[in-house]
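Below is one structure, written out as structure tokens; comments come after it.
Quick note: the coordinates plus some simple rules give every number you see, no bench work behind them. All values derive from a computational prediction rather than experimental measurement. Heads up, the Cβs are rebuilt from the backbone with ideal geometry, glycines too, and the neighbour counts pull from every protein chain shown.
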């Protein structure tokens, strides 16, 4: 289990298994979108949260689990502080626009390492945008598939750099189910920052792949 520099908060446990109708970590910072990128952002698939959105200061985190489906995506890899990962998303979107690739949903980031155990300059992450089908992208982009698996998830409201404050609630729910972490954490940024008047309107879906603890 990854350590987090936050206190554990109470969790509202919801137990149903939900498979999403569409593919809908860390402290990824928001970035301003260029006009071209803004055109790409408008093609995002609308994601409607199926749980209450957890709000700061995250004394209660609404968590659940579901079976995530396979999700093809294009991405840019990054090694270094997670603060920089989100800032790569406009570059991914711009490269997609230039290559004629259509996003199938909101951009997301994958975070592979625990910043409490791995030095900041060695942290591995990916800035990603989902697509509908396999592809061979051009220069500047790579392709992969996020595999189907069981995930613990929550919808987190507020500024994207503050999403990590909700993690203790998710990990608490995961422990209550007897599970352990089993893959990179996914943060899907459901609302384009340049489309809102307040950071309070931003929503992130956090997913943690899980398996039964030994």
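So the values come out like this:
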| read-out | value |
| --- | --- |
| Residues 83, 151, 47, sorted so that the one with the fewest Cβ neighbours within 10 Å comes first | 83, 47, 151 |
| Exposure proxy order (Cβ contacts within 10 Å, fewest to most) of 131, 208 | 131, 208 |
| Calculated FRET efficiency for the pair residue 81/residue 196, C-beta based, R₀ 45 Å, to 0.05 | 0.95 |
| Pairwise centroid distance, computed over Cα atoms, of the range 86-107 with the range 45-82, Å | 18 Å |
| Neighbour-count ranking [beta-carbon atoms within 10 angstrom, fewest first] of 212, 58, 108, 199 | 212, 199, 58, 108 |
